[in-house]
Amino acid sequence: MSDPYGTDARRAAILTAWSSSPTRFREDANAEEDLYLGGYADRLLVELAQNAADAATRAGVPGRMRVALVSTSDGAGALSAANTGAPLDTAGVDSLTSLRASAKRDEATVGRFGVGFSAVLAVTDAPELRSTTGGVRFSAGDTRAVVRDVPHLADEVARRDGQVPVLRLPWPAATPPPDGYDSEVYLPLRDAAALAAVRAALAGFDPALLLGLAGLSTVDIDGRVVRRADDGDDVLVTDGDGVVRWRVASAYGDVPGGLMEGRPLEERGRPQWSVTVAVPTRSVTLSDGVIVQQLNNETVEQLDNDTIEQLQSTTEPPAPTAAPVPLTDQFIHAPTPSDEPLGLPVRLIGTFPLDTARRRIPEGPLTDFLVARAAESSADLIASLADTPAVLDLLPRPGFAPAKLSAALRDALSEELRTRAFLPTADGRRVRPSRAVVVPDALVAPLAGVLDGLLPAGWWSVALPPLGVRRLGMPEIVAALTGVERPPAWWRALYEGLAAAPLDVGEREALAALPVPLADGRTVTGPSRVLLPDEVPLPASLGGLGLLVAHADAVHPLLARLGAMPASPSTVLSDDRVRAAVVDSVDAEDPAPVADAVLDLVAAAGPAPGSVPWLADLALPGRALDGTDPGWYPAGELLLPGGRLDGVLAEDAPYGRLDADLDRAAVLAVGVLDTFPVLDEADVDLVDVAGLDLDDAAGWAAAVRELAGDVDPAGLRIERVRAVCDLDLVRDDAWPAALAALSAEPLRTVLAADCLLRTADGERIAVPGYTRWWLSRRPVLGGRRPAECRVGDSELTGLYDEAPGDPDIAVLLGAHRGLADLLAAAAGDPAVAEDLLRRLGDPSRTAVPELLSVVYPRLAQALAGRDIPPPDRVRVAPGTVVDAADAVVLDQPWLLDRLGDRRPVAGGDVPVAVADLLDVPLLSEL
């Protein structure tokens, strides 16, 4: 058998070294065991693929590799890994038999340590390298047989349970590689466990491994074919019928001087660096950014609903673009997998320095340099995929990094991204993160031409703020809208977006300052000030009221939720601007436009008279009651011509008469008086009634306090005072008309109602209302006070005159229905009692017989305990009165013979009380 690599001499030299130094044997055995049990035990296929890629690179040919399980005579099977490329040479054999001495030290290849082949020892004790230039094999069994003849080596092997350094003693191998391949690694499998491990490795082969093995274009794994092909910035990895497109960003160069200090000699001899960052992608179609950009390139004047619809119908279908598919649980490849967690969702492959086990990346200036280069390439990768928001998944995330190196890489990438203009804006530009802003997705389209640096919809991520991107809150958005000029349809689109955006309480409050375009072309701040067009059109005369009516094309339900009111006549009537116009109308240079507008508005809204009190300030044309002084008067100071007050009030009353033919219902609604005004006050202090605009309010309060009896007046309050005003302005000859007005609603209810007096201790007492009290003390019934009149025919006929007008009103005011009413009034009011005694003693009046027999006794009973001045004359017959000195109270009829010249007065059951009332003697006392 030929021996092109001089394996006999190599074995002899190594055996001599071992024989002369048992320590050397032990060191070689330990080092080899460390490698395949530690650094390379789980990297068998990776190392085989790496060696195949290096061979293809050295040969300058596309690399092909075929890996297959083959049958063996012993049934254990073998793993065959054949490849194209540079065949085995002497330097390669040197590398195989010399730990950590690589044959690739001066070449741009993947392997760097010359020790990767030791990974085969994880599954075999007899690896063989077959090549077109000759082969070599290694064998644990043959090595044990050779060292058995050296006593101290045999003892060492025994102590190691038969374990020997396999890859130090080579033998020639005559079997060539398979046809079409330049080399083959042939590994007879050690046992069933090794077979299972190989099968698992073959099944778990990662096609992405080819990203870091540029020299390897095809790998056939037991019939499963994986291919790698470059396509511009992408690498296509085909696995059977499946194709994964990887976006790749790479960089390479020479390591700056000084950074290699402290690294092994062989590394210092290869001062090149390279990094590759890759991520799988999928094809997506952008669906909204194109229209947004076109819309914002249109002139503002053309941006209406028709323009939007036209653009949407004519825009070309968007082209597909690449979106990244983030990876998980990635480790740094240096260039084969290390144990350093990456902390980013990409594949990173770089010439990072490794420890002797090729698992960890040590700290140092070289590592720092490569971290910076990896950050730059990662930023390049991200920028190349920044057409879709899916790229946000590639950004560094806030939180703890899985390791110190991954934290350094994350920080370096964040710093690099801050300087890159990679973020796309809604108007088609690219900006740095510090120049970018984000708003809720629903607001992107309308705000694309308003906010500089606005990112498209879907571009929010928690990874953006650490880079400097600002997420605008609603106060900032609203502030940015100040002064913006856009057509109404644009504003409606904005409102639609705001309505769809999730808003908290504070953000909703910020919308109170939202601009709103008006029908008159202006734009105002604050929806709550705005009126929304209603289905019912407003009167055409409203132009002079300064109303803020939203443009119909801008109307959106959001405005109503923010306080805008429908522009119906009733809501317009409640607008502050209408109120201000009304209040200022009397002093206006020309009040007519406001008067016409408000009257038309009132006619359309139909408010009840008095329901909108400030309408009484509306200036209307009028004249003084004497017909002079034409001009403009507040509506509340004008009387309706032909109304119930027309001609009732004195000419010097502080009122005018409406001097225009206007809609009756409208002028009454604004406060023109058809009847007396009514005061309505709650919780009135009875001690201080000066604020009540009523004639003799103090007199009424005093009368009420007297009714309360002996209580502290400081605690007396009237719960509600409703009173007819201006009764003191009625002409003396107009009381019939005035009473007719009072007898109609709503004044009749006011007239009839009592007031509730509340004492300090909470007691509530019903007392006469002001209106009834005032009228009862004035000569309003045919020149007489109500207490001086009767109603209808009764036993009071002859003593009292009949009250004119409405008898019910007369009774309310104090006119008497009969003796019972009269006596009740007398009991409550001494003046009524005195008036009755005076009338009974008036010779010009008469009394019906049935009254005369009972009136004095019943009056005496009603006034029991009261001190009333006695009358001068006493009625003794229906038509006869005598001086009190000539009268006597009949108490004992059988004593009539004592009468003499005196006239008897009936004493009834209470003759003594009658005698006291009249201050006349009893008959029995004569």
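The values are calculated or read from the model by the stated rules, or taken from the named source; none is laboratory data. Since the model is a prediction, treat every value here as computed from it, not as a measurement. Cβ: placed from backbone, ideal geometry, glycine included. Neighbour counts: every protein chain shown.
Of Gly240, Gly232, Gly215, which residue is of a type in the set (Gly, Ala, Ser) and in contact (Cβ under 8 Å) with a residue 60 or more places away in the chain?
Gly215
For region 219-229, state whether one or more residues are closer than 30 Å to Asp380 by Cβ, buried (at least 21 other Cβ atoms within 10 Å of the Cβ) and in contact with an Asp or Glu (Cβ under 8 Å, 6 or more places away or on another chain). Explain how you work it out, then say what you get.
Initially, region 219-229 is screened for residues closer than 30 Å to Asp380 by Cβ, giving 219, 226-229.
Checking which are buried (at least 21 other Cβ atoms within 10 Å of the Cβ) leaves us with 219, 226, 228.
Filter again for in contact with an Asp or Glu (Cβ under 8 Å, 6 or more places away or on another chain), leaving 226.
Yes, there is a match, as at least one residue in region 219-229 is closer than 30 Å to Asp380 by Cβ, buried (at least 21 other Cβ atoms within 10 Å of the Cβ) and in contact with an Asp or Glu (Cβ under 8 Å, 6 or more places away or on another chain).
Criterion first (assigned to a strand (DSSP E or B) and of a type in the set (Asp, Glu)) does Asp728 satisfy it?
Answer is no for this residue.
All but one of (1) among the charged types (D, E, K, R); (2) in the same structural domain as Ala323 (by TED's automatic domain parsing); (3) buried (at least 18 other Cβ atoms within 10 Å of the Cβ) hold for Asp254, so report the exception by its number.
Failed condition: (3).
Would you mind stating whether Leu558 is within 28 Å of Gly483 (Cα to Cα), surrounded by 18 or more Cβ atoms within 10 Å (Cβ to Cβ) and without any contact (Cβ under 8 Å) to a residue 60 or more places away in the chain? If you could, list the steps in order and put the result at the bottom.
Values: within 28 Å of Gly483 (Cα to Cα): yes; surrounded by 18 or more Cβ atoms within 10 Å (Cβ to Cβ): yes; without any contact (Cβ under 8 Å) to a residue 60 or more places away in the chain: no.
Against the criterion (within 28 Å of Gly483 (Cα to Cα), surrounded by 18 or more Cβ atoms within 10 Å (Cβ to Cβ) and without any contact (Cβ under 8 Å) to a residue 60 or more places away in the chain), Leu558 does not qualify.
Name every residue in region 742-777 that is closer than 18 Å to Asp683 by Cα and in a loop (DSSP other than H, G, I, E, B), in order of residue number. Outline the logic, then answer.
Restricting attention to region 742-777, the residues satisfying the condition of being closer than 18 Å to Asp683 by Cα are 750, 753-771.
Once the filter is applied, which keeps residues that are closer than 18 Å to Asp683 by Cα and in a loop (DSSP other than H, G, I, E, B), region 742-777 yields Ala753, Thr759, Ala760, Asp761, Gly762, Glu763, Gly769.
Limited to region 39-69, what total is found for residues that are in contact with a helix residue (DSSP H, G or I) (Cβ under 7 Å, 6 or more places away or on another chain), at pLDDT 90 or above and under 15 Å from Gly85 (Cα atoms)?
5
On the given criteria, is Leu899 in contact with a Lys or Arg (Cβ under 9 Å, 6 or more places away or on another chain) and either loosely packed, with under 14 Cβ neighbours inside 10 Å or under 30 Å from Ala738 (Cβ atoms) (or both)? Working first, answer last.
Details: in contact with a Lys or Arg (Cβ under 9 Å, 6 or more places away or on another chain): no; either loosely packed, with under 14 Cβ neighbours inside 10 Å or under 30 Å from Ala738 (Cβ atoms) (or both): yes.
Answer is no for this residue.
Being in the same structural domain as Ala824 (by TED's automatic domain parsing), outside any helix (DSSP H, G or I) and over 27 Å from Ala824 (Cβ atoms) narrows it down to one residue among Asp897, Asp867, Asp901; which is it? Working first, answer last.
Details: Asp897 fails: outside any helix (DSSP H, G or I); Asp867 fails: over 27 Å from Ala824 (Cβ atoms).
Result: Asp901 is the single residue among Asp897, Asp867, Asp901 that is in the same structural domain as Ala824 (by TED's automatic domain parsing), outside any helix (DSSP H, G or I) and over 27 Å from Ala824 (Cβ atoms).
Could you list, in sequence order, the residues of region 516-532 that are under 28 Å from Pro456 (Cβ atoms) and either among the hydroxyl-bearing types (Ser, Thr, Tyr) or surrounded by fewer than 21 Cβ atoms within 10 Å (Cβ to Cβ) (or both)?
Thr523
So Leu443 fits all but one of (1) part of a helix (DSSP H, G or I); (2) outside the structural domain of Arg397 (by TED's automatic domain parsing); (3) surrounded by 15 or more Cβ atoms within 10 Å (Cβ to Cβ); what number is the exception?
(2)
Checking Leu573 against (1) surrounded by 14 or more Cβ atoms within 10 Å (Cβ to Cβ); (2) out of contact with any helix residue (DSSP H, G or I) (no Cβ under 7 Å at 6 or more places or on another chain); (3) within 21 Å of Leu532 (Cβ to Cβ), which single condition isn't satisfied?
Answer for Leu573: the failing condition is (2).
Among Ala616, Ala552, Ala592, Ala650, which is under 30 Å from Arg486 (Cβ atoms), of a type in the set (A, V, I, L, M) and surrounded by fewer than 21 Cβ atoms within 10 Å (Cβ to Cβ)?
Ala552
Only residues that are closer than 17 Å to Arg838 by Cβ, at pLDDT 90 or above and assigned to a loop (DSSP other than H, G, I, E, B): list them for region 784-823, please.
Those that are closer than 17 Å to Arg838 by Cβ, at pLDDT 90 or above and assigned to a loop (DSSP other than H, G, I, E, B): Arg785, Leu796, Gly798, Leu799.
May I ask you to list the residues in region 564-620 that are at pLDDT 90 or above, in contact with a strand residue (DSSP E or B) (Cβ under 8 Å, 6 or more places away or on another chain) and among the charged types (D, E, K, R)?
Asp617
Can you tell me which of Leu813, Leu837, Leu775 is farther than 18 Å from Ala703 by Cα, crowded, with 22+ Cβ neighbours inside 10 Å and more than 60 Å from the chain's Cα centre (by Cα)?
Details: Leu813 fails: farther than 18 Å from Ala703 by Cα; Leu775 fails: farther than 18 Å from Ala703 by Cα.
So the residue among Leu813, Leu837, Leu775 that is farther than 18 Å from Ala703 by Cα, crowded, with 22+ Cβ neighbours inside 10 Å and more than 60 Å from the chain's Cα centre (by Cα) is Leu837.
Considering only residues that are more than 20 Å from Ala581 (Cα to Cα) and not small (Gly, Ala, Ser), which ones fall in region 538-557?
Quick first cut of region 538-557, residues more than 20 Å from Ala581 (Cα to Cα) only: 551-557.
Residues satisfying the conditions are His551, Asp553, Val555, His556, Pro557.
Residue by residue through region 492-508, note down the ones that are more than 18 Å from Pro566 (Cβ to Cβ) and at pLDDT 90 or above. Lay out the reasoning, then the answer.
Of all residues in region 492-508, those more than 18 Å from Pro566 (Cβ to Cβ) come to 493-494, 496-498, 500-508.
Within region 492-508, Ala493, Leu494, Glu496, Gly497, Leu498 qualify.
(1) over 51 Å from the mean Cα position of the chain (by Cα); (2) surrounded by fewer than 19 Cβ atoms within 10 Å (Cβ to Cβ): which one isn't true of Asp600, the others all being true?
(1)
Only one of these is surrounded by 13 or more Cβ atoms within 10 Å (Cβ to Cβ), under 18 Å from Leu822 (Cα atoms) and basic (Lys, Arg): Arg866, Arg873, Arg858. Name it.
Testing whether each residue is surrounded by 13 or more Cβ atoms within 10 Å (Cβ to Cβ), under 18 Å from Leu822 (Cα atoms) and basic (Lys, Arg) leaves just Arg858.
Look at Asp695 and say whether it is acidic (Asp, Glu), over 51 Å from the mean Cα position of the chain (by Cα), at pLDDT 90 or above and in a loop (DSSP other than H, G, I, E, B). It would help to see each step written out before you state the result.
On the way: acidic (Asp, Glu): yes; over 51 Å from the mean Cα position of the chain (by Cα): yes; at pLDDT 90 or above: yes; in a loop (DSSP other than H, G, I, E, B): yes.
Yes; evaluated as a whole, the condition is true for this residue.
Looking at region 778-797, I want the residues that are at negative phi and have a partner that is among the aromatic types (Phe, Trp, Tyr) and not in a loop (DSSP other than H, G, I, E, B) with Cβ atoms under 7 Å, at least 6 apart or on another chain. Which pairs are those?
Between residues of region 778-797 that are at negative phi and residues that are among the aromatic types (Phe, Trp, Tyr) and not in a loop (DSSP other than H, G, I, E, B), the close pairs are Val780/Trp735; Glu788/Tyr800; Cys789/Tyr800; Arg790/Tyr800.
Taking the conditions exactly as written (within 24 Å of Ala357 (Cα to Cα) and surrounded by 21 or more Cβ atoms within 10 Å (Cβ to Cβ)), does Glu47 satisfy them or not? Reasoning before the result, please.
Values: within 24 Å of Ala357 (Cα to Cα): yes; surrounded by 21 or more Cβ atoms within 10 Å (Cβ to Cβ): yes.
In short, yes.
Hey, does region 566-581 have a residue that's free of Cβ contacts under 8 Å to residues at least 60 places away in the same chain, in contact with an Asp or Glu (Cβ under 8 Å, 6 or more places away or on another chain) and not hydroxyl-bearing (Ser, Thr, Tyr)?
yes
Tell me the residue from Ala847, Ala885, Ala860 that is assigned by TED's automatic domain parsing to the domain that holds Gly798, modelled with pLDDT under 95, among the hydrophobic types (A, V, I, L, M, F, W, C) and part of a loop (DSSP other than H, G, I, E, B), please.
That would be Ala847, the only listed residue that is assigned by TED's automatic domain parsing to the domain that holds Gly798, modelled with pLDDT under 95, among the hydrophobic types (A, V, I, L, M, F, W, C) and part of a loop (DSSP other than H, G, I, E, B).
Out of (1) surrounded by 15 or more Cβ atoms within 10 Å (Cβ to Cβ); (2) under 25 Å from Pro786 (Cα atoms), the odd one out for Leu707 is which?
(1)
Which of the residues belonging to region 48-86 are of a type in the set (Ser, Thr, Tyr), out of contact with any strand residue (DSSP E or B) (no Cβ under 6 Å at 6 or more places or on another chain) and either closer than 12 Å to Leu216 by Cβ or in contact (Cβ under 8 Å) with a residue 24 or more places away in the chain (or both)?
Thr57 - this is the single residue of region 48-86 that is of a type in the set (Ser, Thr, Tyr), out of contact with any strand residue (DSSP E or B) (no Cβ under 6 Å at 6 or more places or on another chain) and either closer than 12 Å to Leu216 by Cβ or in contact (Cβ under 8 Å) with a residue 24 or more places away in the chain (or both).
At least 2 residues that are over 30 Å from Ser384 (Cβ atoms) in each: list the strands (runs of 3 or more DSSP E) lying fully within region 167-234 that qualify.
Hits in region 167-234: 171-173, 183-188, 216-221.
What do you reckon, is Gly908 surrounded by 13 or more Cβ atoms within 10 Å (Cβ to Cβ), at positive phi and of a type in the set (Gly, Ala, Ser)?
Criteria met by Gly908.
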